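> My questions will all concern the structure given below.
Every number in this text was worked out from the coordinates using simple rules, so none of it is lab data. Note that the coordinates shown come from a computational prediction; the quantities given were computed from them, not determined experimentally. Positions of Cβ are generated from backbone atoms using ideal geometry, with glycine treated the same way; all protein chains shown enter the neighbour counts.
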Amino acid sequence: MQTLGALMGFFLLSGAAAAPSALADSPVPLPSYNVTLTAYNAVRSQTDEDPFMTASGAYSNPEVVAARSQDLADKLPFGTIIEIDGPDSPKNSCGYDAVSKHVGYRVIADTMNARYTNYVDILFNTKTNYTLDDGSKKNASSILGVCKGSTVRVVGFVDISHPSHMPKTQIELSALVKGDSTLAINK
């Protein structure tokens, strides 16, 4: 863990916008955590009085943002890029498989209420709705539900203290993780 912290510190202090490829190529195994996975929307009833601003100060972009419970702050600091796998048990009845195409990579940019521990919360667009068999519509965050036994893997880091460094799309975020500078964010 100290090695990951040192790598993240180097990239933050060196001014590198993102260093996921350096982390991914590191001989040190990248950490992964078994968590409960949930989802939320950027609406007042699920956030605070300013749903469009995350706890890190980044814009609440439902394409790339995730929150973590406060107990994971040292393991998943703001700017950590994660890859998410759904629950490890087929008995888990959450809707991860149904919404997985909207998950992708995520940047930890928000934090959850202190009452939650060992959670990662994915921000979904309020317009990401699914039509159910009965014709009703349900948001992706409701479809996901509570996924116990999910895994998040640290795959990189981006300095989100500068708004221009925060990826805006899954394409930009994926390019950072894969080290493809031709698709990465223009600086």
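> Can you figure out the FRET efficiency of Asp71 with Lys137, using R₀ = 45 Å and their beta-carbon distance, to the nearest 0.05? Don't skip to the answer; put the middle values down first.
Numbers: r = 34 Å, r/R0 = 0.76.
After rounding to 0.05, the efficiency reads 0.85.
> Moving to a separate point now. Let's see if you can work this out: charge +1 on each Lys and Arg Cβ, -1 on each Asp and Glu Cβ, no other charges. What is the dipole magnitude of segment 72-181 about its Cα centre, in debye to the nearest 20? If you can, show how the numbers build up before the last one.
Values: 12 positive and 12 negative charges, 38 e Å.
Rounded to the nearest 20 debye, it is 180 debye.
> Loop only per DSSP, at most 10 neighbouring Cβ atoms within 10 Å: give me the trypsin sites (Lys or Arg not before Pro) in segment 111-142, ordered by residue number.
Numbers: sites: Arg115, Lys127, Lys137, Lys138; in loops: Arg115, Lys127.
Listed in order of number, the matching sites are Arg115, Lys127.
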